[in-house]
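Structure first, then comments.
The values are calculated or read from the model by the stated rules, or taken from the named source; none is laboratory data. In this text the structure is predicted, and so the values were computed from the model without any measurement. No Cβ is skipped: glycine too gets one built from the backbone with ideal geometry, and neighbour counts run over all protein chains shown.
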Amino acid sequence: MTLVFGRYVLFDSDGEYNCQICYRGFSRSAILAHCRNTGNHEWCERCERVFKTKHAKLDHLRVSPNHNICIFCNLRPDFPDYEDLREHYVEAHFMCRLCNIVQHTEFDLGQHIIYEHFGCDICLRSFESDDNLQHHMKVHEEKNLECPNCDKRVARLSYLLLHLERSSCTSVRKVKGLAFQFDDEGYYSFLTHNRSFYCENCDSKFRYLSSLYQHVEDSTDCSHLLEQYGSDLNDLANYIFSHV
């Protein structure tokens, strides 16, 4: 005898299929219909296997690699493949795509992404490092600084200084001249062959004033030079914007 449809259906030498649960014999054309439709046992359509009890079938669904059962849904839906199951976890159960950890709510998932995966708290994009995140955050900055000579609007002092240095509104020479005129004590500017400005905090040197401001804006150690009340760098920028 040969086992078919699992351990409870036997094919004998007489060409008959015998159900070991119902103790009945069937022809080849009838055995499949019997396995599918009888209420005496359980049937797995995907694997074409008979199970004696519902509990045995559930154990099979849980461990078989042919099944992709959602363990969180009450109805235990079975997905065609793992990718479909994973997408279901992401959409219905707030699973993190990056580490496969399931959260309780959409808010919890957002907090997880922000604190565990360098996530943007505005659009929830994740990044490989904090430096990459900070670079991305620039796209969300409000453009509230306007060029004094045209309608160009930007989000940062460094962007506005770069615009002045490179556009027809003024020139690099004019910006440098105003900076040296304002900073007559040499706190931020000095003249060498190819470097004209330096950072008071870390002594980094820069050829252009916009580069100095970009450094201060992006550097954790030097950002206080712009953030503190009465900042000389803020006063310098305002002086330039009022004289170009």
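Residues checked against (1) over 37 Å from the mean Cα position of the chain (by Cα); (2) at pLDDT 85 or above; (3) surrounded by fewer than 17 Cβ atoms within 10 Å (Cβ to Cβ); (4) hydroxyl-bearing (Ser, Thr, Tyr):
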{"position": "Leu10", "(1), (2), (3), (4)": "yes, no, yes, no"}
{"position": "Thr38", "(1), (2), (3), (4)": "yes, no, yes, yes"}
{"position": "Phe51", "(1), (2), (3), (4)": "yes, yes, no, no"}
{"position": "Asp81", "(1), (2), (3), (4)": "no, yes, yes, no"}
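Would you tally the residues in the range 17-26 being surrounded by 11 or more Cβ atoms within 10 Å (Cβ to Cβ) and out of contact with any Lys or Arg (no Cβ under 9 Å at 6 or more places or on another chain)?
Counting residues in the range 17-26 that are surrounded by 11 or more Cβ atoms within 10 Å (Cβ to Cβ) and out of contact with any Lys or Arg (no Cβ under 9 Å at 6 or more places or on another chain) gives 5.
From the list Arg156, Arg207, Arg195, which one is charged (D, E, K, R) and modelled with pLDDT of 85 or more?
Going through Arg156, Arg207, Arg195 in turn, the sole match is Arg156.
Would you point out which residue out of Glu116, Glu45 is of a type in the set (Asp, Glu) and either over 30 Å from Glu141 (Cα atoms) or crowded, with 17+ Cβ neighbours inside 10 Å (or both)?
Glu45
Residue-wise test of (1) of a type in the set (Phe, Trp, Tyr); (2) in a helix (DSSP H, G or I); (3) crowded, with 18+ Cβ neighbours inside 10 Å.
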site: Cys202; (1), (2), (3): no, no, no
site: Leu212; (1), (2), (3): no, yes, yes
site: Val216; (1), (2), (3): no, yes, yes
site: Asp221; (1), (2), (3): no, no, no
site: Leu225; (1), (2), (3): no, yes, yes
site: Asn234; (1), (2), (3): no, yes, no
site: Ala237; (1), (2), (3): no, yes, yes
site: Phe241; (1), (2), (3): yes, yes, yes
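Pick from Asn74, Asn40: which is assigned to a loop (DSSP other than H, G, I, E, B) and not assigned by TED's automatic domain parsing to the domain that holds Ser126?
Going through Asn74, Asn40 in turn, just one is assigned to a loop (DSSP other than H, G, I, E, B) and not assigned by TED's automatic domain parsing to the domain that holds Ser126: Asn40.
Write out, first by first residue and then by second, each pair whose Cβ atoms fall under 7 Å of each other, whose residues are 6+ apart or on separate chains, and whose first residue, in the range 6-25, is in a loop (DSSP other than H, G, I, E, B) while the second is of a type in the set (Ser, Thr, Tyr).
Gln20/Tyr8; Ile21/Tyr8; Cys22/Thr38
Could you go through the range 26-38 and let me know if any residue there is charged (D, E, K, R) and touching a residue at least 40 places away in the same chain (Cβ under 8 Å).
Taking every residue of the range 26-38 in turn, none turns out to be charged (D, E, K, R) and touching a residue at least 40 places away in the same chain (Cβ under 8 Å).
Could you list, in sequence order, the residues of the range 96-144 that are under 30 Å from Leu157 (Cβ atoms) and basic (Lys, Arg)?
Arg125, Lys138, Lys143, listed by residue number.
One line per residue, one yes/no per condition, for (1) part of a helix (DSSP H, G or I); (2) touching a residue at least 12 places away in the same chain (Cβ under 8 Å); (3) aliphatic (A, V, I, L, M):
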position	(1), (2), (3)
Arg97	no, no, no
Leu109	yes, yes, yes
His112	yes, yes, no
Asp121	no, no, no
Arg125	no, no, no
Glu128	no, no, no
Val139	yes, no, yes
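Applying the selection to the range 136-173, what residues are in contact with a Phe, Trp or Tyr (Cβ under 6 Å, 6 or more places away or on another chain) and among the hydroxyl-bearing types (Ser, Thr, Tyr)?
Scanning the range 136-173 gives a single hit, Ser158.
Which condition from (1) surrounded by 14 or more Cβ atoms within 10 Å (Cβ to Cβ); (2) out of contact with any strand residue (DSSP E or B) (no Cβ under 6 Å at 6 or more places or on another chain) is the one that Asn144 breaks?
Unmet condition: (1).
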